[in-house]
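For reference, the structure discussed in these notes is given below.
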Amino acid sequence: MSEQDDVAARIKQQIADNPVILYMKGTPQMPMCGFSMRTVEVLKQCEQEFAFVNIIADPSIRETLPKVSDWPTFPQLYIEGELVGGCDITMELAESGELKKMIDAAASKAA
Amino acid sequence: MSTAQTIHDILVDSLSPLRLDVIDESHQHNVPPGAESHFKLVVVSDVFEGKSLVARHRMINGLLAEQLAGSVHALGLHTHTPDEWAARGEQVPASPPCRGGSKAEGGH
């Protein structure tokens with residue numbers, strides 16, 4: 001298996017293992033990008049735990065994930081194994097109240 | 001041709017938008033003048049009818065793949081059908097402030 005296949009397999013495992021996972025620049029405590037910061041803010045407002053991967057600390061994931069997901073930018077939010085979107089989509093879903101419903105549903109299934 | 005003009009032309013050709021704003025927000029970020037690195041797009045088009053937000057963004061990311069692989073690091077996307085656009089009062093949220101992450105790394 002090539003190194004990139006290896007990273008892709010690791011990413012798929014992360015997405016499968018975590019009901020809510022955010023690939024972001026920086027950490028929820030210290031986001032390194034305004035788009036990541038804003039996404040974290042609305043996720044925190046949903047008051048459920050979420051996993052995160054700091055892609056600045058893991059360049060192999062940063063390089064490979066856009067190819068795996070067919071999504072060129074960060075952050076990328078996954079709920080129950082599906083790409084929800086980046087900052088703009090997450091914000092729109094938060095505005096409409098849909099985001100909290102999706103996250104609550106994912107958390108209750110995982111519990 | 002500037003990147004902004006190129007983006008504009010590609011989207012007009014492909015999506016026949018009722019409204020299209022290509023806003024260069026690079027000056028809000030830690031990049032040299034004229035970098036054309038951070039854009040916000042507002043696109044109102046019939047082609048988004050019945051498509052999820054992910055599908056709409058994928059469509060635009062695909063059309064602009066060459067630009068995203070080049071100077072464009074960040075692309076804020078606000079995609080609406082004409083009905084949605086009217087329902088939200090034709091308002092677009094402001095982009096977030098820079099946090100410095102693109103300085104050394106590039107790419108949102």
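Between residue A:98 and residue B:10, the simple label model (points 7 Å from Cα in the Cβ direction) yields a spacing of 2.5 nm. With both residues required to sit in the range A:1-97, DSSP beta bridges show an antiparallel share near 65%. Between the helical axis of B:3-15 and the longest alpha-carbon principal axis of chain B there is an angle of about 20 degrees. The translational diffusion coefficient of the range A:50-90, from Stokes-Einstein at 37 °C and 0.692 mPa s with a Kirkwood hydrodynamic radius over alpha carbon pairs, comes to 307 µm²/s.
Taking Cα centre as origin and charging only the Cβ of basic (Lys, Arg, +1) and acidic (Asp, Glu, -1) residues, the dipole magnitude of chain B rounds to 360 debye. Across the options B:54, B:68, B:11, the greatest Cα extent toward the positive end of the charge dipole of the range B:3-91 (unit charges at beta carbon of Lys, Arg, Asp, Glu) belongs to B:54. Under 13 Å from a label point set 7 Å out along the Cα-to-Cβ vector of residue A:109, the amide N atoms of the range A:9-34 belong to A:16-21. Where both bridge residues fall in the protein assembly as shown, DSSP classifies roughly 55% of the beta bridges as antiparallel.
Counting only DSSP H runs of at least 4 residues, each contributing -39500 (n - 2.57), and dividing by the residue count of the protein assembly as shown, the helix-based mean residue ellipticity at 222 nm comes to -13000 deg cm²/dmol.
Take the alpha carbon atoms of the range A:84-111, find their center, do the same for the range B:1-31, and report the distance between the two centers in whole angstrom. Going from one Cα centre to the other spans 29 Å.
Bridges between two residues of the range B:3-91, per DSSP, are antiparallel at a rate of about 45%. Measure nothing but the geometry: give the 0 to 90° angle between the long axis through the Cα atoms of A:98-110 and the longest principal axis through the Cα atoms of chain A, rounded to 10°. Around 70 degrees separate the two axes. Beyond 21 Å between alpha-carbons counts as too far, so tell me which of A:25/B:40; A:44/A:109; A:25/A:67; A:67/A:101; A:25/A:109; A:12/A:109 fall in that bin. Too far apart for the 21 Å limit: A:67/A:101; A:25/A:109. Each part reduced to its alpha carbon centroid, the range B:64-97 and the range A:14-76 end up 20 Å apart.
Read the figures in this text as sums done on the coordinates, not as results from a lab. Please read these numbers as outputs of a predicted model, since none were measured by experiment. Here the Cβ is made from the backbone with ideal geometry for all residues, glycine too, and neighbour counts use every protein chain on show.
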